[in-house]
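Participant: I'd like to ask you about the structure that follows.
The values are calculated or read from the model by the stated rules, or taken from the named source; none is laboratory data. Since this is a predicted model, take the numbers as computed values, not measurements. Cβ: placed from backbone, ideal geometry, glycine included. Neighbour counts: every protein chain shown. Surface accessibility is based on the protein's heavy atoms, side chains included, excluding ligands, DNA and RNA. Shrake-Rupley method; radii C 1.70, N 1.55, O 1.52, S 1.80 Å.
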Amino acid sequence: MSALTDLIYAGSNAVAGLTEGAVNDAIAKHGAETPVAFPDTAYFFPTIYAATGVKVKTLGDLPACVGVLKSLITGQDDIGQALNAGLATAVGAEIIEGLKYVGGGDPYADDSGIGFVPDPIIRSLGVPLVTGDIPGVAVVIGKAAEAGDVAKVVKDYQSKGILTFMIGECIEQALEAGVKMGLELRVVPLGHDVTSVIHVVTVAIRAALIFGNVQPGDLAGLLQYTKDRVPAFVNTFGPLSEVVVSAGAGAIALGFPVVVDQDIGDLQVPGALEAVLNHDETAKHSLALRNIKIKVKELPIPVAFAAAFEGEIIRKADMKVEFWSSKNTTCELVTMRDMDAVEDHKIVVDGPDIDSGETEYALATYIEVAGAKMQKDFESVIERKIHAWFNYMEGVMHTGQRNQFRIRVSNDAYDKGLRMRHFGEVLYNMIMDEFDAVVDKCQVTLVTDPEKATKILNEEAMPAYNARDDRLGSLTDESVDKFYTCILCQSFAPSHCCVVTPERLGLCGAVSWLDAKATKELNDAGPCQPISKEGCTDEKKGYYPDVDRMVHSATQGAVEHVSLYSIMEDPMTSCGCFECICGIEPVSNGLVICNREFKGMTPTGMTFGELASMTGGGVQTPGFMGHGRHFISSKKFAAAEGGIARIVWMPKELKDDVSHRLNATAKELLGIDNFSDMIADETVTTDAEELLNFLTEKGHPVLQLEPLM
Ligand code: SF4
Ligand code: ZN
């Protein structure tokens, strides 16, 4: 037997023994009927569910799983068999970790790790992964001989936008060396026990179930999906135990290469298990193994620039200066000019720079662009990116947009030399990089002089915002001659295609009709292609021959018919990264809408995660549909079934967020004032019967509508 398979089997057998003991103990202590579940998931014990179809619900379900686990450990001297033993280790780790959650409570409350990653987080990662904003996923495990080595590797990943999950004492090592952690910073500590590695494994596995429509029990389909579509790899630090080696075999079975920092001689398996002793090479080598290409942006600024800094928060104590609309004039505007009115790469700072000694400044960020293919409609598309680009600067925080924003610059960034003209360089370089197909020339003026900034706000920005709002208001599905497909999410959800119309943005909430139109202009053969509106066969339900044709071809034949306005008949497919899901509530005949952030129960008896699992992966499930937040106030929301009059329940936060626009739509379509007051939320009830009573009391219009089914 080879030394490698030996080690793997030894590790798997050790984990099998531990798992069996732990299951027996738990049953003896709590009883076989005791429920066991990970928090906030619709996928039970995800590894077991995906691999076998078994839904673990109680401790009594586990002994059979231990049996399956043991059967995977054949002891045969064959690398394929040994990788199966690696999967057995994953199953064992899942059970051991799952047992920590018996009795509710958060077993990770006192750990610096977070443990199990809830479904909504995985869904929220969909868009950044498909856009390449997160180019890959690193799993860092163990304890390095030198703490600095871990920190160096993790910071390198962070600067490249890689999402890093950490397991073991390397977490403390990285923290001590100043690595900032948190999901928004792309470094996620999972836990200290080696078994907590399962929490990243189940992220990959649930991605297959959520986005890939992989059927539970289809182990081969599962392994193919993770190998092809989840760009993950593993780095181990420090000496390798048998358990780590067998867990590594599990990773390899899923298609994730493992890079170790120990001399393992001829145990190496090229492309799957490799040793890199020099930590300066770890990241580069790991990325190459997974064929992850990083687009480096070398900008002429003194601070780092990466998507990983987008979520960075700058507290008052760390702040050098601030631009804030509550204190001073602020506005940001992209405006289109004639070619000769723009001097390319001209950057002007008009007014005091941030080293003038003040801590608060006005700021008008005034960007003029020109280009042969530039269109007025693209101004807002470019302008909306300012938020992300400023946030990508390490030590800069930007919130808000238009004339309502707040920017903070940290002491640290200031000390590194960051000044106003660097903001201009960022804008210039990013616009020329991302919008080069439409922008030929760009000039940036940063006005900190309060009077001049106010003049720009009043004379340029406000009229432009108003004109744009009027344009958006007049953009209806009827007023345009094209819709667009979006298939960005196909890298995860191969049979999903969004149809984006003026009154229905992409279900991720990130792609409006204007965005799709700009995407087509920027990338002719790209993810957004025009759909002709000709020959509409059913206006109410929204059936168009070209919608069917385009979706059919975009999904390689997986989807035949899509209606734009019905949720009961050929509803639009969902990938999995939707902001909200709506589903029928049979007692009231209405629709419940739930957003990804809401953790509680809905009157359908399902949580967001459970509702969300009803659709996704390109599947059409009548009665359930993913959609963006903005769609809720659209006149086209479930228009075929009575429109917004069907909405009976939403989480309060969501309702408050959309009520202004929703009430305006309700006034126009239904003649009802303050419609949002008729919609229940969790503070009213999460019980279907009580919901019906509430709706009756309020005279909710759903009660006049025909049954949905
Ligand atoms: Fe994905 Fe649809 Fe959003 Fe495009 S519009 S990124 S396909 S969810
Ligand atoms: Zn998606």
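Participant: Report the local net charge at A208: Lys and Arg +1, Asp and Glu -1, summed over other residues whose C-beta lies under 12 Å from its C-beta.
Facilitator: Local charge sum for A208: +1.
Participant: Could you tell me the relative contact order of the chain? Use alpha-carbon pairs under 8 Å, at least six residues apart, and round to a whole percent.
Facilitator: Answer for the chain is 10 percent.
Participant: Please list 3J(HN,Hα) in residue order for the stretch 548-559, calculated via the Karplus relation 6.51 cos²θ - 1.76 cosθ + 1.60 where θ = phi - 60°; whole Hz, with x for glycine and proline.
Facilitator: 4, 5, 5, 5, 4, 6, 5, 9, 6, x, 5, 10
Participant: Regarding the stretch 48-171, what's the average projected area of the Cα-atom convex hull, expressed in nm²?
Facilitator: 10.4 nm²
Participant: Quick one: if you stick a label point 7 Å off each Cα along the C-beta vector at E460 and E146, how many nm between them?
Facilitator: Distance between the two pseudo-spin positions: 5.1 nm.
Participant: Which three lengths, in whole Å and largest first, does the stretch 307-455 cover when its Cα atoms are put on their principal axes?
Facilitator: Sorted largest first, the three principal extents are 46, 35, 25 Å.
Participant: What is the dipole size for the chain, taken about its Cα centre, with +1 at each Lys and Arg Cβ and -1 at each Asp and Glu Cβ, in debye to the nearest 20?
Facilitator: Values: 60 positive and 98 negative charges, 108 e Å.
With only Lys, Arg, Asp and Glu charged at Cβ, the dipole is about 520 debye.
Participant: Keeping all protein chains in place, calculate the accessible area per residue for the stretch 307-455 (probe 1.4 angstrom), answer in Å².
Facilitator: 41 Å²
Participant: Picking from T34, A109, T47, whose Cα lies most toward the positive end of the charge dipole for the chain (charges on Cβ: Lys, Arg +1; Asp, Glu -1)?
Facilitator: T47
Participant: Restrict the search to the stretch 251-338; then list the GluC sites (Glu not before Pro) that DSSP places in a loop and that have at most 14 other Cβ atoms within 10 Å of their Cβ.
Facilitator: Numbers: sites: E274, E281, E298, E310, E312, E322, E332; in loops: E298, E310, E312.
Within the stretch 251-338, the qualifying GluC sites (Glu not before Pro) (loop, at most 14 other Cβ atoms within 10 Å) are E298.
Participant: Specify which residue in the list A666, P651, P622 is farthest towards the positive end of the charge dipole of the stretch 559-709, using unit charges on the beta carbon of Lys, Arg (+1) and Asp, Glu (-1), about the Cα centre.
Facilitator: A666
Participant: Grab the stretch 544-665 and count how many Lys pairs have their alpha-carbon atoms under 21 Å apart, sequence gap of 8 or more, or different chains. Provide the component values of the computation, followed by the final result.
Facilitator: Details: K599/K652; K599/K655; K635/K655; K636/K655.
Lysine pairs meeting both conditions in the stretch 544-665 amount to 4.
Participant: So what does log10 I(q)/I(0) come out to for the stretch 236-347 at q = 0.11 Å⁻¹, using the Debye formula with one equal point on every Cα and no solvent?
Facilitator: Result of the Debye calculation: -0.68.
Participant: Just the Kirkwood number for the stretch 482-704, please: inverse of mean 1/r across all distinct Cα pairs, in Å, one decimal.
Facilitator: Mean inverse Cα-Cα distance, inverted, gives 17.5 Å.
Participant: Something else now. On the first, second and third principal axes, largest extent first, how far apart are the outermost C-alpha atoms of the stretch 3-289 in Å?
Facilitator: Result for the stretch 3-289: principal-axis Cα extents of 50, 41, 35 Å.
Participant: Any chance you could check the Cα centroid distance between the stretch 528-555 and the stretch 289-312 for me, in angstrom?
Facilitator: The two parts, judged by their Cα centres, are 39 Å apart.
Participant: Here's something else I'd like to know. Going by amide H atoms built from the backbone, whose H comes under 5 Å of the H on V321, apart from near neighbours?
Facilitator: Amide H to amide H, under 5 Å and 5 or more residues apart or across chains, V321 pairs with V409.
Participant: Next up: Could you give each residue of the stretch 641-651 its phi-based ³J(HN,Hα) in whole Hz, using Karplus coefficients 6.51, -1.76, 1.60 with θ = phi - 60°, and x for Gly or Pro?
Facilitator: 9, x, x, 4, 4, 7, 6, 10, 7, 8, x
Participant: Moving on to the next point. Report the local net charge at D280: Lys and Arg +1, Asp and Glu -1, summed over other residues whose C-beta lies under 14 Å from its C-beta.
Facilitator: Numbers: positive: K152, K155, K284; negative: E146, D149, D156, D261, E281.
Combined, the nearby Lys, Arg, Asp and Glu give -2.
Participant: With every protein chain left in place, what is the accessible area per residue of the stretch 482-704 in square angstrom, probe 1.4 Å?
Facilitator: Value for the stretch 482-704: 36 Å² per residue.
Participant: What percent antiparallel are the DSSP beta bridges of the stretch 482-704, to the nearest 5?
Facilitator: Numbers: 21 of 24 bridges.
The antiparallel proportion sits near 90 percent.
Participant: For the chain, what size does the Cα cloud have along each of its three principal axes, sorted from largest down, in whole Å?
Facilitator: Principal-axis extents of the Cα atoms in the chain, largest first: 77, 65, 46 Å.
Participant: Pull up the cross-link candidates among the lysines for K284, meaning alpha carbon to alpha carbon under 16 Å and not fewer than 8 places away within one chain.
Facilitator: Once the sequence-local lysines are set aside, what remains near K284 is K152, K155, K160, K293, K295.
Participant: R0 = 30 Å: FRET efficiency of E690 with A32, Cβ-based, nearest 0.05?
Facilitator: My answer for the efficiency is 0.30.
Participant: Projected onto the charge dipole of the chain (+1 at Lys/Arg Cβ, -1 at Asp/Glu Cβ, origin at the Cα centre), which of G535, M568, G86 gives the Cα projection farthest towards the positive end?
Facilitator: Sorting the options by dipole projection puts first G535.
Participant: Where the only charges are on Cβ atoms (+1 Lys, Arg; -1 Asp, Glu), what is the dipole of the stretch 426-557 about its Cα centre, to the nearest 20 debye?
Facilitator: 260 debye
Participant: So if I place +1 on the C-beta of Lys and Arg and -1 on the C-beta of Asp and Glu, and nothing else carries charge, what would the dipole magnitude of the stretch 307-455 be about its Cα centre? I want it in debye, nearest 20.
Facilitator: Roughly 420 debye for the stretch 307-455.
Participant: Now for a separate question. Taking only protein heavy atoms and a 1.4 Å probe, what accessible area per residue, in Å², does the stretch 184-236 have with all protein chains in place?
Facilitator: Per residue, the stretch 184-236 has 29 Å² of solvent-accessible surface.
Participant: For E597, put the label point 7 Å out on the Cα→Cβ axis and report which residues of the stretch 394-410 keep their amide N under 18 Å from it.
Facilitator: 398-401, 405-406
Participant: At 7 Å along Cα-to-Cβ for each site, give me the label-to-label distance between R661 and N674 in nm.
Facilitator: 2.3 nm
Participant: Sort S196, S380, S553 by accessible area with a 1.4 Å probe, largest first. Don't skip to the answer; put the middle values down first.
Facilitator: Details: S196 0, S380 30, S553 80 Å².
Ranking S196, S380, S553 by accessible area, largest first, yields S553, S380, S196.
Participant: Just the number, please: percent antiparallel of the DSSP beta bridges in the stretch 307-455, rounded to the nearest 5.
Facilitator: Antiparallel: roughly 60 percent of the beta bridges in the stretch 307-455.
Participant: Keeping all protein chains in the complex and leaving out DNA, RNA and ligands, what accessible area do you get for K376 with a 1.4 Å probe, in Å² to the nearest 10?
Facilitator: 130 Å²
Participant: Shifting gears a bit: As a test question: what accessible area, to the nearest 10 Å², does V127 have when a 1.4 Å probe is rolled over all protein chains in place?
Facilitator: Approximately 40 Å² of V127 is accessible to the 1.4 Å probe.
Participant: Nearest 5 percent is fine: what portion of the DSSP beta bridges confined to the chain is antiparallel?
Facilitator: 55 percent
Participant: Taking amide H atoms as placed 1.01 Å from N in the peptide plane, list the residues 5 or more away in sequence, or in a different chain, whose amide H sits under 5 Å from that of T485.
Facilitator: Under 5 Å from the amide H of T485 lie the amide H atoms of V500, Q529, I531, each far enough along the sequence or on another chain.
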